[in-house]
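First the structure, in the form of structure tokens, and then the observations on it.
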Amino acid sequence: MSVKIFVPRDSTALALGADETAQAILAEAKRRGVEIELVRNGSRGMFWLEPLVEVALPQGRVGYGPVSEDDVASLFDAGFTSGGAHALALGLTEEIPFLKRQERLTFARIGITDPLSIEDYCAHEGFAGLQKALAMSEEQIVQEVTESGLRGRGGAAFPTGIKWNTVRTTPSAQKYIVCNADEGDSGTFSDRMVMEDDPLMLIEGMTIAGLGVGATKGYIYARSEYPHAIEMLNKAIEIARAHGYLGANICGSGKRFDLEVRVGAGSYVCGEETALLESIEGRRGIVRAKPPLPAISGLFGKPTVINNVISLATVPVIFARGAAYYKDFGMGRSRGTLPMQLAGNIKFGGLVEKAFGLTLREMLYEYGGGTRSGKPIRAVQVGGPLGAYLPESQFDTPLDYEAFLQIGGTLGHGGIVVFDESVNMLKQARYAMEFCAVESCGKCTPCRIGSTRGKEAFDKIIAGEDTEQQIHLVRDLCDIMLNGSLCAMGGMTPFPVLSAMNHFPEDFGTEKKAKETA
């Protein structure tokens, strides 16, 4: 009887040698005459343990990690195929505290199943939500999403049900579902993990969205820097189509929906929904003026649902288990769970899916384990490169959309980047302006010129030239960018800049904490 062994094929695991480890396990098993079945699963999201090798045993899956190809022979010597003791042994994977304390709803299958096995997917609640949706009317589908309290997981946190209902009730012979998979924020990787490690879940979520609003065509807009995700998506779409879960007759229902992957060309601003639409249509990714809203006139001028990967990937569990089940997680207006991503100077980097309400401090220390360097955490940026820098005094803020707005922050896509006491916040503020100057689409003056002048002002501050005057200039520029930019690229760049200046004035050559800017 063969032993089932799991080795991830997630990008992070591959970067850390997972392919070499997998090949070494196959070669060693053959040399020793040990029968094994090697499954290339997704990552569990505990990146400091990658490559994580798991062995399926009667009591559950036992983990070993991080396992390099040089460790494989000693694992076989220790009898790891039957759970033998070894220096890399981790015990039952599900009992590892980092994983055990999570509430995995969206990520329930990730790390457990073979991403391209439709049998594996169906055996773990896959397509259960779609089957229920097929028996519902468009109005009932949209109502279920509305009642769940699901909000966009990309940044604006707009209620998903309201967006879907706008598309549903807008008359048009053709409507579209667009998945924004242009995950460009620093410290984020949850979208990539979904696409690589459970792509059928995204396909199911988009199909349900199509059924709900009357759309028959969907596009997944993926960034070119994600070649593994693009490959997995295309394969998964072919598999789903071959098994009747996509196409002209979904599960014999007579209803149709199909998908296509479009690849971006590396522009950060294409993460903005209207620039993304321009790119899909074959033009340069430049922000459109709104109105009209994409829900009324979006892709090719038709009503379009635009949601990010996590939003759409969460839809299947809502339908499989019911809106009330999902809504029971979270706090206030932030319902359900949010996959948070720990990156930067952090001891235990990876993905943590928790219900809204956990504090930032609990996330940083109970899950992240503090800094990798062992030095105190000085600042944390939440929400990508346009997110605010938070000082230690704000670490007790709950991870909740409204709570973060109250402190001038944003949860965004759930990325958390950690900095220890060695960070220079003046340079981080300059980086924010430089990032905006480089990535701006150039359409509006406040973003295009404001960021360039801001970067120049910071260069003068670094050189010690007219510090007070330059700080005043930066604040004026931030006010213009905040109130005059067409999109969040320029409109949110002041968040990291002002937060750095307000909370860490000593790095800007003055101990005087300047007045907060609205």
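Quick notes on this one:
- Checked against the criteria, I96 does not count as of a type in the set (A, V, I, L, M), open to solvent by less than 40 Å² (accessible area, probe 1.4 Å) and within 22 Å of the chain's Cα centre (by Cα).
- Whichever residue in the stretch 475-500 is over 26 Å from the mean Cα position of the chain (by Cα) and open to solvent by less than 10 Å² (accessible area, probe 1.4 Å) and, among such residues, is farthest from M425 (Cα to Cα): M481
- S224 meets all of the listed conditions (1) under 24 Å from I141 (Cβ atoms); (2) in contact with a strand residue (DSSP E or B) (Cβ under 7 Å, 6 or more places away or on another chain); (3) free of Cβ contacts under 8 Å to residues at least 60 places away in the same chain; (4) not in a helix (DSSP H, G or I) but one, namely (1).
- Residue in the stretch 362-379 that is within 18 Å of F189 (Cβ to Cβ), open to solvent by less than 10 Å² (accessible area, probe 1.4 Å) and within 16 Å of the chain's Cα centre (by Cα) present: no
- Filtering the stretch 296-320 to residues that are more than 20 Å from M340 (Cβ to Cβ) and either touching a Leu at 6+ places or on another chain (Cβ under 8 Å) or free of Cβ contacts under 8 Å to residues at least 60 places away in the same chain (or both) leaves S297, G298, L299, G301, T304, I306, P316, F319.
- In the stretch 402-418, the qualifying residues are those that are buried (at least 21 other Cβ atoms within 10 Å of the Cβ) and in contact with a Lys or Arg (Cβ under 8 Å, 6 or more places away or on another chain), and the one that is nearest to A181 (Cα to Cα) is H413.
- Considering the stretch 217-255, the residues that are of a type in the set (S, T, Y) and surrounded by fewer than 16 Cβ atoms within 10 Å (Cβ to Cβ) include one that is nearest to A13 (Cα to Cα), namely S224.
- The criterion of at least 1 residues that are under 20 Å from T93 (Cα atoms) and in contact with a His (Cβ under 7 Å, 6 or more places away or on another chain) is met, among strands (runs of 3 or more DSSP E) falling completely within the stretch 1-75, by 60-64.
- Restricting attention to the stretch 155-196, the residues being part of a helix (DSSP H, G or I) and touching a Lys or Arg at 6+ places or on another chain (Cβ under 8 Å) number 3.
- Within the stretch 463-474, none of the residues are part of a helix (DSSP H, G or I), under 22 Å from G344 (Cβ atoms) and open to solvent by less than 20 Å² (accessible area, probe 1.4 Å).
- Residue among L38, L52 that alone is crowded, with 23+ Cβ neighbours inside 10 Å and modelled with pLDDT of 95 or more: L52
The values are calculated or read from the model by the stated rules, or taken from the named source; none is laboratory data. Not measured: the values here are computed from a predicted model. Glycine gets a Cβ as well: all are built from the backbone with ideal geometry, and neighbour counts include every protein chain shown. SASA here: full protein model, heavy atoms, side chains in, ligands and nucleic acids out. Shrake-Rupley method; radii C 1.70, N 1.55, O 1.52, S 1.80 Å.
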